[in-house]
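Engineer: I am attaching a structure below and will ask some questions about it afterwards.
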Amino acid sequence: MNNLELIKNALPYLLEGTLVTIQLTFWSLLIGIVVGLPIAFAQVYGNKILQGVVAVYERLARSIPLLVMLLLLNYGLPMLGLRIPIFRAAVIGIGLRSAAYQSQIYRGAIQSVGGSQMKAARSLGMSKMKAFFYIIAPQAIRIAIPPVANESAIVLKDTSLAFTIGVVELLRQGEYFIATSNEPMVIYLTIAAIYFILTTIVNGGLSLFEKKYQIPGIGIEGGHSDAY
Amino acid sequence: MPTKHLLRIEDLHHSFENEEVLKGISLALDKGETKVIVGPSGTGKSTILNNIIRLVPPTKGKIYLEDTEITSAKNINEIRQQIGFVFQDFGLFNHLTAKGNVMIGLTKVKKMNKKEAEELALFELERVGLENYADSYPSQLSGGQKQRVGIARALAMQPKLILFDEPTSALDPELTGEVLKVMRNLAEEGMTMLVVTHEMGFARSVADELIFMEGGNIVEQGDPEKLFTNPDHKRTKEFLFQLTDLYGEGEN
């Protein structure tokens, strides 16, 4: 069997795994936003107690290796009588870690807009809510896009760790195929290429969005960092 | 108590942490008047302005806008619409054009329709000499132009008075002139203004009354000509003469 034929045979399985990888990425990022945004708000606008609580969470989530977290969720929790299906365990682990990183992106973006614009908005008679909605948010979103693109690519790649707890995503599908074909080089390269294409699409999409809503003087001038 | 003054401040105190920065300030402003507050840095001048619109709520004292006591008023957002504020660091909204900056208070706070708001915004921009920069973003404007947008934004709200918090401190001398010119015109048109500044030339030639502050107190207030030439207090003389020596008597 030549390489091209091998890839052709493997592709249906790999694409099936890719679909799972995309689902893992989507749900993990969603958890990251849903949990990360309130954390950012708590850090910027919350009182001391709230700030303390989220600081501890953030510290923990950023200090524990994702692999350890996934193993804890999958093998540790059942010992306490809590068994989570592997797909969900993976999403929770990846999502909660991403939330910690995303919260820092949003916090930084909100704070970088600056207190003087908030003051100016209040001086016009805007409520704090209105000022946030009309003045802070439109700028913070633009500032956050490049780092969010970066974080999305990281999450996408880190879903491969879900393989270790048994989620049949892209990498594990590849493993299956290697077990029968014994062609690790070709299959791993194909998997790498698929990850490359996916991250390129994610970054490209957000980059387009960024360019479409570009405003002079906001964000990093001259396009965004193509950090993969 | 009813009053004929447009703005009246009575026994205003303010403390940051344990340090009292305002130790009982009283002053009044009539319609059409321009009063200028001068004094060394850290004397509490800007705090007075921030106290008035409660960006920094005062510790003690009463402030009246016409007949309304505004220090404890619940509808602070309505009161803020009636008092313009021009910031030292401009406070422009970076995601909006010059026109957008002037319009947003009209459309989002005053609920004016977009077309009307746009007309008024263009009118106010023309008033500060920026009709050709309506579509420029703040990052594309010079400091002096930014501050003039800031003034247009305050004017568009059609306030009863405008507070200026060191409007030219962040500008180099060349740009200071264009901002002071706009302010001078406003004063002549009868806008009521309370100005904190270090621009002695402006203070001397435009102010109806000059207020010299130091250490959280008003040391002396009155006709600027008198304060500059023959003040009652030694400290006023030292401060004003020292600045006049440094910067000369004229305006930029």
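The values are calculated or read from the model by the stated rules, or taken from the named source; none is laboratory data. Everything numeric in this text was worked out from a predicted model, so none of it was measured. Positions of Cβ are generated from backbone atoms using ideal geometry, with glycine treated the same way; all protein chains shown enter the neighbour counts. Keep in mind that these areas ignore ligands, DNA and RNA; they rest on the heavy atoms of the full protein, side chains included. Shrake-Rupley method; radii C 1.70, N 1.55, O 1.52, S 1.80 Å.
Engineer: In chain B, with Lys and Arg counted as +1 and Asp and Glu as -1 at Cβ, which of these residues, B:I52, B:N18, B:A73, has the Cα nearest the positive end of the dipole, that is, farthest along it?
Structural biologist: Value computed over the given set: B:A73.
Engineer: Take the solvent-accessible surface of the protein heavy atoms, probe 1.4 Å, and return the percent of it on chain B that carbon and sulfur atoms account for.
Structural biologist: 46 percent
Engineer: Accessible area of A:M185, 1.4 Å probe, to the nearest 10 Å²?
Structural biologist: Looks like 130 Å² after rounding.
Engineer: Another one. For chain A, modelled as a Gaussian network with Cα springs under 10 Å, which listed residue fluctuates most, A:Q111, A:Q23, A:Q139?
Structural biologist: Between A:Q111, A:Q23, A:Q139, it is A:Q111 that shows the largest mean-square fluctuation.
Engineer: What ³J(HN,Hα) values, in whole Hz, does the Karplus curve 6.51 cos²θ - 1.76 cosθ + 1.60 give for segment A:211-218 when θ = phi - 60°, with x put for Gly and Pro?
Structural biologist: 5, 4, 9, 4, 10, x, x, 10
Engineer: Mind listing the phi-derived Karplus ³J(HN,Hα) values for segment B:47-56, rounded to whole Hz, using 6.51, -1.76 and 1.60 with θ = phi - 60°, and x for any glycine or proline?
Structural biologist: So the J values, rounded to whole Hz, are 4, 4, 4, 5, 5, 4, 9, 6, 5, 10.
Engineer: Please give the charge dipole size of the protein assembly as shown, origin at the Cα centre, charges +1 on K and R Cβ atoms and -1 on D and E Cβ atoms. Round to the nearest 20 debye.
Structural biologist: The dipole of the protein assembly as shown has a size of about 1700 debye.
Engineer: Hey, another quick one. Near B:R127, within a Cβ-to-Cβ distance under 11 Å, what is the net charge of the other residues, with Lys and Arg +1 and Asp and Glu -1?
Structural biologist: Here the charged neighbours net out to -3.
Engineer: Right, here's the next one. Post the alpha-carbon centroid distance, segment B:168-213 to segment A:24-92, in whole angstrom.
Structural biologist: Answer, in whole Å: 55.
Engineer: Still on this model: Calculate the mean, over all residues of peptide A:113-121, of how many other protein chain Cβ atoms lie within 10 angstrom of the residue's Cβ.
Structural biologist: The mean count of partner-chain Cβ atoms within 10 Å per residue comes to 6.
Engineer: Right, something else. What average count of beta carbons from other chains do you get within 10 Å of the Cβ of residues in B:129-141?
Structural biologist: Per residue, the number of nearby Cβ atoms from other chains is 1 on average.
Engineer: Further question: To test your reading of the geometry: what angle, between 0 and 90 degrees and rounded to tens, separates the Cα axis of helix A:137-158 from the longest principal axis of chain A?
Structural biologist: 20 degrees
Engineer: Show A:Y176, B:Y133 ordered by accessible area, largest first, where the area counts protein heavy atoms only and the probe is 1.4 Å.
Structural biologist: The ordering from most to least exposed comes out as A:Y176, B:Y133.
Engineer: Still on this structure, I have one more. What accessible area per residue comes out for the protein assembly as shown, rounded to a whole number of Å², with a 1.4 Å probe?
Structural biologist: Spelled out: the 1.4 Å probe surface of the protein assembly as shown, per residue, equals 47 Å².
Engineer: Given a 1.4 Å probe and the protein chains all in place, what does the accessible area of B:S46 round to, in Å² to the nearest 10?
Structural biologist: The accessible area comes out at roughly 30 Å².
Engineer: Which trypsin sites (Lys or Arg not before Pro) in segment B:52-84 pass both tests, a DSSP loop state and at most 16 other beta-carbon atoms within 10 Å?
Structural biologist: Those satisfying the criteria are B:K74.
Engineer: Additional query: Taking θ as phi - 60°, what are the ³J(HN,Hα) couplings along segment A:85-95 by the Karplus curve (6.51, -1.76, 1.60), each to the nearest whole Hz, with x for Gly and Pro?
Structural biologist: x, 4, 4, 5, 4, 4, 4, 5, x, 5, x
Engineer: State the answer as a single residue: which of A:S63, A:G108, A:L19 lies farthest towards the positive end of the charge dipole of segment A:18-167, with beta carbon charges of +1 for Lys and Arg and -1 for Asp and Glu, about the Cα centre.
Structural biologist: Working it through, the farthest residue towards the positive pole turns out to be A:G108.
Engineer: Moving on. If you take the accessible area of A alone, add that of B alone, and subtract the area of the pair, what total do you get in Å², probe 1.4 Å, to the nearest 100?
Structural biologist: That pair of chains buries around 2000 Å² in total.
Engineer: Sticking with this one: Multiplying the sequence separation of B:K115 and B:E17 by 0.36 nm and subtracting their Cα-Cα distance, what value in nm do you get?
Structural biologist: Stretched out fully, the B:K115 to B:E17 stretch lengthens by 30.6 nm.
Engineer: Positive end of the dipole of the protein assembly as shown, charges at C-beta (+1 Lys, Arg; -1 Asp, Glu), about the Cα centre: which of B:N185, B:N217, A:A137 has its Cα farthest in that direction?
Structural biologist: Going by the Cα projections, it comes out as A:A137.
Engineer: So, one more: Using DSSP, restrict attention to beta bridges with both residues in the protein assembly as shown and report what percent are antiparallel, rounded to the nearest 5.
Structural biologist: Percentage antiparallel, nearest 5: 55.
Engineer: Of A:K128/B:K110; B:K108/B:K181; A:K212/B:K99; A:K119/B:K62; B:K4/B:K160; B:K108/B:K160, which sit over 24 Å apart, Cα to Cα?
Structural biologist: B:K108/B:K181
Engineer: Right, here's the next one. Kirkwood-based Rg over Rh for chain B (C-alpha set), two decimals?
Structural biologist: Computed over Cα atoms, the ratio is 0.96.
Engineer: Also, I was wondering about something else. Please average, across the residues of A:127-134, the number of beta carbons from any other chain that are within 10 Å of each residue's own beta carbon, and give a whole number.
Structural biologist: Mean shielding count: 2.
Engineer: Students often check this: by mean Cβ neighbours within 10 Å, which of A:125-133, B:92-100 ranks highest, and how do the rest follow?
Structural biologist: Going from most to least packed, we get B:92-100, A:125-133.
Engineer: Moving on to the next point. Percent relative contact order of chain A, based on C-alpha pairs within less than 8 angstrom and at least six residues apart?
Structural biologist: 30 percent
Engineer: On the principal axes of its Cα set, how long, how wide and how thick is segment A:18-167? Give whole Å, largest value first.
Structural biologist: Taking max minus min along each principal axis of the Cα atoms, segment A:18-167 gives 56, 35, 20 Å.
Engineer: Only bridges whose two residues both fall in chain B count here: according to DSSP, what percent of them are antiparallel, nearest 5?
Structural biologist: Approximately 55 percent, going by the DSSP bridge assignments.
Engineer: Next question, about the same structure. Taking amide H positions as placed 1.01 Å from N in the peptide plane, with prolines and chain starts having none, which residues 5 or more places from B:T34, or on another chain, fall under 5 Å of its amide H?
Structural biologist: Placed amide hydrogens put B:M193, B:D208, B:E209 under 5 Å from B:T34.
Engineer: About the Cα centre, and with charges only on the beta carbon of Lys, Arg (+1) and Asp, Glu (-1), how big is the dipole of segment A:18-167? Nearest 20 debye, please.
Structural biologist: Its charge dipole is roughly 460 debye.
Engineer: Using a 1.4 Å probe over the heavy atoms of the protein chains, calculate the carbon and sulfur portion of the accessible area of segment A:65-209 as a whole percent.
Structural biologist: Carbon with sulfur: 72 percent of the solvent-accessible area.
Engineer: With the contact rule set at Cα under 8 Å and sequence spacing of 6 or more, what percent relative contact order holds for chain B?
Structural biologist: Once divided by the residue count of chain B, the mean separation gives 25 percent.
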